[in-house]
């Protein structure tokens with residue numbers, strides 16, 4: 001009987017398939033500072049940023065070299081909680097494997113959305129740096145218009161990943177359709193909860209940002 005080959009680090013690799021995407025997905029929620037936290041609340045669902053900020057307060061330190069680690073770790077904890085909740089939905093849809101395997105599938109397929117989160121958070125940081133050097137129209141395009149192109153591209157990668165990775169791990173075609181619907185629903189909920197800066201939010205934020213950064 002032929003036996004499957006397993007490396008000594010196979011269990012660690014399986015764990016990393018969950019940990020790394022969860023870390024990537026949520027870390028962007030924790031890296032806001034005093035200057036950018038209002039922008040992060042507009043760019044992402046405010047409750048995700050607020051939970052990460054609460055965790056940062058609990059793990060507060062005066063050691064500068066640890067502050068970034070604590071910030072990203074706080075965001076990653078919130079990201080893992082969201083990932084675990086969504087994985088439960090996927091698990092109930094699949095009904096043919098253990099929860100841990102459903103969690104790994106959910107984590108790996110969410111990598112494009114994790115990349116999207118990182119791109120948007122980097123955009124917030126860049127926006128603050130350009131605040132004093134660009135006019136209002138250019139800032140509006142950077143904050144409100146351009147992120148939608150990133151969203152569309154990463155959403156396409158996400159849906160493709162759900163379909164093709166689902167086929168690779170043995171999810172039947174009918175169930176893959178339900179998984180696709182769940183993925184679209186997840187992203188619709190993510191948008192409804194506050195992902196992306198709206199024109200109205202930007203009109204309220206811009207004067208406050210200009211005033212705070214001019215001090």
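The values are calculated or read from the model by the stated rules, or taken from the named source; none is laboratory data. In this text, all values refer to a predicted model and were calculated from it rather than measured experimentally. With ideal geometry, Cβ positions are generated from the backbone for all residues, glycine too; neighbour counts draw on all protein chains shown.
Worth a mention:
- Filter result for residue 139 (assigned to a helix (DSSP H, G or I), in contact with a helix residue (DSSP H, G or I) (Cβ under 6 Å, 6 or more places away or on another chain), touching a residue at least 12 places away in the same chain (Cβ under 8 Å) and surrounded by 14 or more Cβ atoms within 10 Å (Cβ to Cβ)): no
- Hey, residue 84 part of a helix (DSSP H, G or I), within 20 Å of the chain's Cα centre (by Cα) and at pLDDT 95 or above or not: yes
- The listed residues are 67, 27, 56, and the only one of them that is under 13 Å from the mean Cα position of the chain (by Cα) and surrounded by 14 or more Cβ atoms within 10 Å (Cβ to Cβ) turns out to be 27.
- Only one of the numbered conditions (1) surrounded by fewer than 18 Cβ atoms within 10 Å (Cβ to Cβ); (2) under 16 Å from the mean Cα position of the chain (by Cα); (3) farther than 28 Å from residue 33 by Cα is violated by residue 173, and that is (2).
- Some residue of the stretch 158-166 being at negative phi, surrounded by 17 or more Cβ atoms within 10 Å (Cβ to Cβ) and either in contact with a strand residue (DSSP E or B) (Cβ under 6 Å, 6 or more places away or on another chain) or assigned to a loop (DSSP other than H, G, I, E, B) (or both): no
- Counted residues, the stretch 142-172 - those being in contact with a helix residue (DSSP H, G or I) (Cβ under 7 Å, 6 or more places away or on another chain), without any contact (Cβ under 8 Å) to a residue 24 or more places away in the chain and within 28 Å of residue 209 (Cα to Cα): 1
- Checked against the criterion of being more than 18 Å from residue 88 (Cα to Cα) and either touching a residue at least 24 places away in the same chain (Cβ under 8 Å) or more than 14 Å from the chain's Cα centre (by Cα) (or both), the candidates 127, 191 yield just one match: 127.
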